[in-house]
Structures are given as C-alpha cells and as structure tokens.
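Visitor: Before we start, here is the structure in question, set down as structure tokens.
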Amino acid sequence: MTRAGTVMTDEPNPTAPAVDESFLTAARRAKLARIIELGHDPWGSRFDDRQSIGEIRARAGEILFRRSSGIDLELPSLDTEEQRAAFRGWLAEQGAGEMAGPRVRAAGRIVLSRDAGKLKFIDIRDMTGQIQLFVGKAQVSDDWELAENFDLGDIIGVDGSLRRTKTGELSIFAESLYILAKSLETPPEKHSGLQDAELRQRQRYLDLIYNEGSLDRFLQRTQIVAAIRKTLGDRGFVEVEGPTLHAIAGGAAARPFTTHHNALDIDLYMRIALELHLKRLLVGGIERVYELGRVYRNEGISPRHNPEFTMLEAYQAYGDYRTMMDLTEECICEAIQAIGGSRDVGCEPRVIDASDRPASLAMSRSPVATCYELPWGDKKINFCRPFARKTYAELFQQHTRVSAQDEVAVAKLAKSLGLETAGRHPDVIKNDVFEAKVEDQLVGPIFVLDYPASICPLTKRKADDPAVAERFELFVGGMEIANAYTELNDPDLQEELFRSQLAGLSEEDSMAKMDQDFIRALRHGMPPAGGLGIGIDRLVMLLTNSASIRDIILFPLLRPEK
RNA sequence: GCUCCCUUAGCUCAAUUGGCAGAGCAACUGACUCUUAAUCAGUAGGUUUUAGGUUCGAGCCCUAAAGGGAGCACCA
C-alpha cells in the first residue's frame, strides 16, 4: 500500500499539535496518551462479527432468570413502567440466582455515561439504536482502566452477555471493552442537543449524532428517493444519467452557474433542468425515461431554495399530462408508504364529482382509493387518491373573485396588489396575481390544471383552445411539488415559442437558451408524451414535516467559515 | 442585492433602567457494584463574534464588519 515517497504514519502520535488546546481537549488528549500506555490503539481497527444494537435489542426475549436450583424462568414482559415495577418485585421474590442471556458483540458511540463507584453505566448508540452497557470493575478486570479513560463521544466496542439490570433495563454486561476511536472534541449539551442552526448545518455530523430525529429524517429522505425509483422502475421507466455540464443551459428559466473547461477552452453551465436531454432520449426511442439528479440554479437562498437541489423528471411516450397525474399520485403515495405513513386513516374515498373534474378532463384510469394523513406544521394533510383537480381559471375565480379571462379586471387587481404591470404580457400579470393570491391557499394536495399557454413554452396547447396549455402543477401545503406537461413535439412551434420567449432577453442570455440541436431532435419526430417534474427536496420537506429545505439537505450551501 | 432580527464559557441559556458577567450540562478532584438527564461534596473554565465610538462606567447605547435566521427581490 505504501507508495514511493509516502511514509505511512500508523503510530499514534499523542503529541501532535492541537488546533485548540483548551482545558477540555487537553483532558481528552491525556486520556488518549494513557490509553496508548495501556497498550491499546486509540484509533482502533476492524471489529468483526458485531451485531447491530437493533438486532441485539430484538434478542431480549432470550434472557432467562437462572435460579440456584438450576431451574430457568422466563422474564416477565417489560414494555411499560408498571411492568418494570412488577419486574422488580418479581425479581426480589426469586431469591438466589442470576440472569443469563446470549453473548453479544456491539460497537457504537458513547452518548451517556453514569459512574456509580466501581460500576459504570455507559450508553452507546449505533445507526439502529441505543443500549446500556453494564461495566463492573470486577467483571471487566483488565479493561477497567481502559473504561476509566473513555469520554463521551468515543466509539467503543464491547463483548458481553445480554441481560437485564435489577431495575429491568436491557443491558450488555461487559466482559471485554475496546477503544475503536477516541473523540478529542467535547460533544454538545446532552439534554438539548445542538440548537444553533448554523452549527447544525456546518457540523451536520453532530446534528446527526446528537439531535433527536435528525438521522431518521435523512434516512427517510433516502427511503423516499428509493421508493420513487421503485415506483418508476415497476412501471417500466428507464433511469438515465444526463450531462450536468451544459453548453446551453435550457429547460427552465433560471440563472445558471458558469464554469470553464480548460482543455476545450469553453465556458460551460451547470444544468438548470433535465428536460431537454430526456426529450432527446424520447426521440431516441427510450419510451419511458427518467432522471433523478441534481440541478443548479444561481438564485437566492430561502427556507425553500438551495442553489443545488434534487429534481425528478420523467417522460412517458404516448401519454399526456393526465397520465402524469396518476404517476404523480403513485410516486407520492408509495413514498409515504415507504416511510411508514399511516394508511386508511378514516378518510372516505372521495367520489370525483363535477367540481373536482372539469368536463373536459376524463380520468385516464379508475382511481384507487388510498388515504394517508401526514402532519404539516400545525395542520394535517390528507393524501387521498385521487387528489383534487381544479383548473387554473376556476381557482383564479374562486380566490380572487375576478375572472381570469377579464384582462382589464386582472390588471386592476394586480395594481391593487402592488404588482408591476407596465409592458408585461397579460398572462404574466395574471400569473403574478395567481402566485400572490392563490398558491399559498392551496393546502391540497390539489392539481392545478390548464395554465395560460404563453407562460408554458415547452407545453402542448389544448386542441380546442390554443390559449390554454396542457399543464398541471401539484400544490401541497402551499408549495409547488410537481409540474407536468403534455409535451410540445411540434418543432416549428417549439422554435417559434423559444424565439418569442427569448425576445425580451439580452443577446448573451438568448444565446444561452436557444438549443438548436433540441429543435433538430424534434424535427426527427418525438412521440406525443407526458412529462413530469417533481422537486424532491420539497417533497421530502412535506413528507417529513420540515419547515426548511436546509433541514433535509445534508450539506446546504453556506458561506465559507471565516 | 435590500430590510429587520440574532451572536454571552466546549454546548444550552440567564444577566432588572447603562452599575461587581451567572446557571445547568460537559471537564477536573473525591464518595458510591444496579444507574436511567444518576446523585452528593468541591475545583476550574469569559477579549460577552470582530473593529471603532459615546459614557465616570457598556453584554446592554451608536457606527461599521463577519456569520446565521426571517422576509423581500431573483426563481417562465
């Protein structure tokens, strides 16, 4: 393993210069040195055949009380405080004897420690749970002094037997102890954890270790993403990996990050969307295709925006936006199920009536009633399939008392809301009003259908009304979660829409957006298709009841420290 | 980029009207072989984010900077 010119420095070096030689770390370094004196490597090594704490806890039923007479007794159940109290009485009645349980080996981080004379109670935690070690000076003999040099935060291993203490606490009665990694820093306060939002983000590892729910939340994120992949995979969607470095940053109207390729000497953009390359793959014959990956937008940071975020885009040939509505419901409901969302919470399967379903919109297949209820802030949100479906125009009318068709009245309303109207397209003004007055109100889940065509340059128009685009957005908890189109596959119209869209932009921006190869691909023929985008971060926020996107992104962007 | 708010011991938080900077946890010393946020006794730990200013006196008032938070702008 040693390469020429490299010196392996396996020898622990307790005299290494400390960055912060405060009295707290000095105490830990003194223990580090003492552990080395005792003949242990404070940085540990491979630790085979351990069981997870979750697995070990599951073996509690194997513990027996062995009376001196040789008769083994099963222990009473110990799930509640009453049962624990009863256990203590029961144990006192048994007289002479001792607990006997399976031999186990565990490893984890010390999160709590209580000394009681020649006894130590050490709580260790691994990814699956937490358990108490019972460490007696007489019982561990040689390892007692090692244990005396343990600190909160150290990662240790233990061999012992699984038993219960006299108070009923499931514990590993230690026989041998191992130091696997010394911790030289002081952990956060043990009751309240790490509260400071900045420290929680910068030092996410501490948040994960010490804040209740943090690790679970991020594991749930992984489960949600895995469930979405499974949902799509089960339906024949092919996952692909498109380029993240784009010569042309298209597919959305966001400002890209720029970067530079040295050998080619060209500026490149970090992708702002997945759309245009996935549609090329529809042309190429991948009839159901998706990508679940990172996009980058050079925009402001807020509780709902991080400059890099995870987006799902899925395209299905021979479908349309109604197809994608069903797919959206399936992805979300199966994700809820994957994280253990409660099912059938008494929400009556709703009958889709005229108010939910515009006459023009036929369900593409009969809905399956599936009901989940999740907390969202101080509210609860019911995810009952099918989700409500209302048109943009209906919702506009309902929440503003103004007809979306009445451009004069809409402009007047916009002005009264303090929105800029001069020189703007009526549909843009209308959409500003919609965003200001309607979106926040949509607790949902609700599909908003049929957007003004002029704000949807990549979307097919309705056959009977070219002013309306076949697009929906799914709103839940006031957030836009999904956005889907019947994809525009007319190359000439697409080019025209791009040009009119770009008319207002500077030459430089215009060049950045006009993707001639994409138009050329459409000219070769793209099947009619439905396309869906889901903002994964916002979906995870919603499903984990998180108020800030920074709570569900492991390492959100922060200014560099100092 | 703009506005407002926050920053006190390693961590979590106090500090009255501008009047001696405090507690809990963590640490250190001691007691305890069944603890559960263990308990008890004692010890130590501070450039109050930074740089200026006002004042007899500033954690507190003023100015600026840094970092964070909320909102706005940006985000078809």
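The values are calculated or read from the model by the stated rules, or taken from the named source; none is laboratory data. All values reported here derive from a predicted model rather than from experimental measurement. Because the Cβ atoms are built from the backbone with ideal geometry, glycine has one as well, and the counts that use them run over all protein chains shown. For accessibility, only protein heavy atoms count, side chains too; no ligands or nucleic acids. Shrake-Rupley method; radii C 1.70, N 1.55, O 1.52, S 1.80 Å.
Visitor: Of the residues A:Pro349, A:Pro367, A:Pro307, A:Pro303, which single one is modelled with pLDDT of 90 or more, open to solvent by 30 Å² or more (accessible area, probe 1.4 Å) and over 23 Å from A:Glu487 (Cα atoms)?
Guide: Among A:Pro349, A:Pro367, A:Pro307, A:Pro303, only A:Pro303 is modelled with pLDDT of 90 or more, open to solvent by 30 Å² or more (accessible area, probe 1.4 Å) and over 23 Å from A:Glu487 (Cα atoms).
Visitor: Can you go through A:Gly117, A:Gly153, A:Gly101 and tell me which one is on the phi > 0 side of the Ramachandran plot and surrounded by 15 or more Cβ atoms within 10 Å (Cβ to Cβ)? Step through it out loud before you land on a result.
Guide: Working: A:Gly117 fails: surrounded by 15 or more Cβ atoms within 10 Å (Cβ to Cβ); A:Gly101 fails: on the phi > 0 side of the Ramachandran plot.
Answer to the selection: A:Gly153.
Visitor: Additional query: If you check A:Val468 against the conditions, is it under 21 Å from A:Leu449 (Cβ atoms) and away from RNA strand B (no atom under 14 Å from the Cβ)? Walk me through how you get there before you give the answer.
Guide: Values: under 21 Å from A:Leu449 (Cβ atoms): yes; away from RNA strand B (no atom under 14 Å from the Cβ): yes.
Answer is yes for this residue.
Visitor: Any idea which of (1) more than 14 Å from RNA strand B (Cβ to nearest atom); (2) over 27 Å from A:Gly213 (Cβ atoms) is the one A:Gly117 doesn't satisfy?
Guide: (1)
Visitor: Ok, one more. I need a count of the residues in segment A:410-429 that are within 11 Å of RNA strand B (Cβ to nearest atom) and among the small types (Gly, Ala, Ser).
Guide: Final tally of qualifying residues: 1.
Visitor: Could you please find all residues in segment A:120-150 being over 18 Å from A:Asp207 (Cα atoms), in contact (Cβ under 8 Å) with a residue 60 or more places away in the chain and surrounded by fewer than 17 Cβ atoms within 10 Å (Cβ to Cβ)?
Guide: A:Glu145
Visitor: Cβ-Cβ below 6 Å, separation at least six or inter-chain, first residue in segment A:451-471 and in a loop (DSSP other than H, G, I, E, B), second open to solvent by 20 Å² or more (accessible area, probe 1.4 Å): which pairs?
Guide: Final answer for the pair search is A:Cys456/A:Arg471; A:Pro457/A:Leu497; A:Pro457/A:Gln501; A:Lys460/A:Glu470.
Visitor: With respect to A:Arg520, determine if the residue is more than 16 Å from RNA strand B (Cβ to nearest atom) and either open to solvent by 30 Å² or more (accessible area, probe 1.4 Å) or at pLDDT 95 or above (or both).
Guide: When the stated conditions are applied, A:Arg520 passes them.
Visitor: Scan segment A:156-179 for residues that are near RNA strand B (Cβ under 10 Å from one of its atoms) and either surrounded by fewer than 17 Cβ atoms within 10 Å (Cβ to Cβ) or outside any strand (DSSP E or B) (or both) and report the count.
Guide: Going through segment A:156-179 one residue at a time, the tally reaches 5.
Visitor: Give just the number: which of (1) more than 8 Å from RNA strand B (Cβ to nearest atom); (2) at positive phi; (3) buried (at least 18 other Cβ atoms within 10 Å of the Cβ) does A:Lys182 not satisfy?
Guide: (2)
Visitor: Considering only segment A:499-513, state which residues are within 13 Å of RNA strand B (Cβ to nearest atom) and either at pLDDT below 80 or not assigned by TED's automatic domain parsing to the domain that holds A:Thr258 (or both).
Guide: Within segment A:499-513, A:Ser500, A:Gln501, A:Leu502, A:Ala503, A:Gly504, A:Leu505, A:Ser506, A:Asp509, A:Ser510, A:Ala512, A:Lys513 meet the criteria.
Visitor: Does any residue in segment A:314-330 that is charged (D, E, K, R) come within less than 6 Å, Cβ to Cβ, of a residue that is assigned to a helix (DSSP H, G or I) six or more places away or on a different chain, and which pairs are these?
Guide: Close Cβ pairs (under 6 Å, with a partner that is assigned to a helix (DSSP H, G or I)) amount to A:Glu330/A:Thr231.
Visitor: Might you check whether a residue that is assigned to a loop (DSSP other than H, G, I, E, B), open to solvent by less than 20 Å² (accessible area, probe 1.4 Å), modelled with pLDDT of 90 or more and closer than 17 Å to A:Leu232 by Cβ occurs anywhere in segment A:328-337?
Guide: No, segment A:328-337 contains no residue that is assigned to a loop (DSSP other than H, G, I, E, B), open to solvent by less than 20 Å² (accessible area, probe 1.4 Å), modelled with pLDDT of 90 or more and closer than 17 Å to A:Leu232 by Cβ.
Visitor: Being modelled with pLDDT of 50 or more and under 23 Å from A:Gln132 (Cα atoms) is true for just one of A:Glu37, A:Glu62. Which residue is that? Lay out the reasoning, then the answer.
Guide: On the way: A:Glu37 fails: under 23 Å from A:Gln132 (Cα atoms).
Matching residue, one of A:Glu37, A:Glu62: A:Glu62.
Visitor: Here's another thing I want to ask about it. For A:Leu557, work out the one condition from (1) open to solvent by less than 60 Å² (accessible area, probe 1.4 Å); (2) within 13 Å of RNA strand B (Cβ to nearest atom) it doesn't fulfil.
Guide: (1)
Visitor: Moving on. Does segment A:459-478 contain at least one residue that is over 25 Å from A:Gln316 (Cα atoms) and in the same structural domain as A:Glu330 (by TED's automatic domain parsing)?
Guide: Scanning segment A:459-478, I find at least one residue that is over 25 Å from A:Gln316 (Cα atoms) and in the same structural domain as A:Glu330 (by TED's automatic domain parsing), so the answer is yes.
Visitor: In addition: Among the residues of segment A:160-189, which ones are over 17 Å from A:Ala33 (Cα atoms), within 35 Å of the chain's Cα centre (by Cα) and of a type in the set (Asp, Glu)?
Guide: Answer for segment A:160-189, where residues must be over 17 Å from A:Ala33 (Cα atoms), within 35 Å of the chain's Cα centre (by Cα) and of a type in the set (Asp, Glu): A:Glu169, A:Glu189.
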